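Data block below; observations after.
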Amino acid sequence: MPLDSHIDPDRGVITTRVRGRTSAAEVLAHQEALADDPAFDPDFHHLFDLTEAETLEISSEQIRSLASVSIFSPSSRRAVVAPRDLLYGLSRMYEGFRDLAQDRLQIFRSRSEALAWLESEPESDETSEERARPEDD
């Protein structure tokens with residue numbers, strides 16, 4: 001399977017890595033397996049890393065369907081790392097579908113930025129648009 005997760009109970013972080021070509025069915029199956037893992041805690045933060053993903057074979061309707069349910073609690077932070085434009089765009093679409101749930105979900109271009117946000121204090125949350133906006137000179 002092109003997805004694997006590591007649960008770190010000491011840090012309260014679950015890291016999921018996606019590799020190669022991945023389908024919506026594989027993402028859903030992995031999500032269900034993760035929720036069934038005895039070490040899973042819905043309050044843990046989640047890092048969903050697409051750095052090694054070639055592509056996600058997924059339609060906008062499948063993204064909407066995946067976004068309609070979450071295995072994480074509202075207090076959990078979820079960061080997606082999507083360094084390439086296509087994966088970033090698909091991740092932003094997912095984020096848009098999750099907006100009504102008022103999730104603490106952010107999309108990042110780099111793993112280091114995502115980890116820094118996951119480990120930061122809650123009041124330092126910012127939107128993807130604020131991070132993507134270039135600095136004024």
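The table for this structure:
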quantity	calculated
Test: residue 55 is surrounded by fewer than 16 Cβ atoms within 10 Å (Cβ to Cβ), part of a strand (DSSP E or B), of a type outside the set (Phe, Trp, Tyr) and in contact with a Ser or Thr (Cβ under 8 Å, 6 or more places away or on another chain)	yes
Boolean, residue 50 is under 25 Å from residue 11 (Cα atoms) and not in a strand (DSSP E or B)	no
Any hit, the stretch 87-110, residues being of a type outside the set (Gly, Ala, Ser) and farther than 30 Å from residue 121 by Cβ	no
Flag if residue 88 is at pLDDT 95 or above, assigned to a helix (DSSP H, G or I) and under 13 Å from the mean Cα position of the chain (by Cα)	yes
Single condition residue 11 does not satisfy, out of (1) touching a strand residue (DSSP E or B) at 6+ places or on another chain (Cβ under 9 Å); (2) within 17 Å of residue 105 (Cβ to Cβ)	(2)
Condition broken by residue 73, with the remaining ones in (1) part of a loop (DSSP other than H, G, I, E, B); (2) modelled with pLDDT of 95 or more satisfied	(2)
Residue that is surrounded by the fewest Cβ atoms within 10 Å (Cβ to Cβ) [pool: residues in the stretch 5-42 that are of a type in the set (D, E, K, R) and farther than 20 Å from residue 94 by Cα]	10
All positions within the stretch 25-47 that are over 26 Å from residue 112 (Cα atoms) and in a loop (DSSP other than H, G, I, E, B)	37, 38
In the stretch 99-137, the residues that are modelled with pLDDT of 50 or more, among the hydroxyl-bearing types (Ser, Thr, Tyr) and in a loop (DSSP other than H, G, I, E, B)	110, 120
Output for the stretch 43-52, where each listed residue is loosely packed, with under 13 Cβ neighbours inside 10 Å and out of contact with any Lys or Arg (no Cβ under 6 Å at 6 or more places or on another chain)	43
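The values are calculated or read from the model by the stated rules, or taken from the named source; none is laboratory data. In this text, all values refer to a predicted model and were calculated from it rather than measured experimentally. Note that each Cβ is placed from the backbone with ideal geometry, even for glycine, and that neighbours are counted across all protein chains shown.
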